[in-house]
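Taken together, the values in this text are just the output of simple stated rules run on the coordinates, not laboratory data. What you are looking at is a predicted structure, and each value in this text was computed from that prediction instead of being measured. When we count neighbours, we look across all protein chains shown, and the Cβ atoms used for this are built from the backbone with ideal geometry, even at glycine.
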Amino acid sequence: MLSALANLSKEYPTEIMMEYRTAMKVGTKPAIQEEVPWSDSLTTYDKQHHTLYLRFLDAAADDASYEEMAQEILGIDPVQEPERARKAARSHLDRANWMVTTGYKELFAG
């Protein structure tokens with residue numbers, strides 16, 4: 001398992017991890033789509049999956065492959081579904097990168 005993914009609670013602020021754990025406990029975890037809905041502005045999907053995006057950015061910083069990201073973050077088996085795994089991981093990582101370069105501005109706007 002990727003060291004960065006195995007130690008999420010050590011690497012992310014407590015409030016983010018508490019929010020994620022709460023969502024997991026009460027069954028309100030939003031559905032993960034195979035491809036991220038793309039828009040030039042923040043989407044509901046973005047707001048619901050910001051923690052997921054953090055995990056992708058962390059995994060990328062840890063030099064994880066798309067296959068590792070798909071398996072560890074999305075739960076898609078890259079051996080059984082290699083094309084789906086790569087496509088889904090790439091889509092989420094692309095959107096995560098968009099969030100840190102452009103999308104974050106909307107979070108802080110008035």
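Under 1.5 on a/c is rounded, so check that first for the stretch 24-110, then, if it is not, pick prolate when a/b is larger than b/c and oblate when it is not; a ≥ b ≥ c are the square roots of the alpha carbon gyration tensor eigenvalues.
prolate
What dipole magnitude, in Debye to the nearest 20, does the stretch 29-83 give about its Cα centre under +1 on Lys/Arg Cβ and -1 on Asp/Glu Cβ? Don't jump to the answer; show the numbers that get you there.
Values: 3 positive and 13 negative charges, 85 e Å.
Here the stretch 29-83 has a charge dipole of around 400 debye.
Roughly what would the spin-label model give for Ile32 and Tyr104, points 7 Å off Cα along C-beta, in nm?
Simple spin-label model gives 2.3 nm for this pair.
Over the stretch 60-110, what per residue volume does the convex hull of the Cα atoms give, in whole Å³?
Measuring per residue, one finds 74 Å³ for the Cα hull of the stretch 60-110.
Ser39 to Arg90: extension gain in nm, 0.36 nm per residue of separation minus the Cα-Cα distance?
Gain in length upon complete extension: 16.8 nm.
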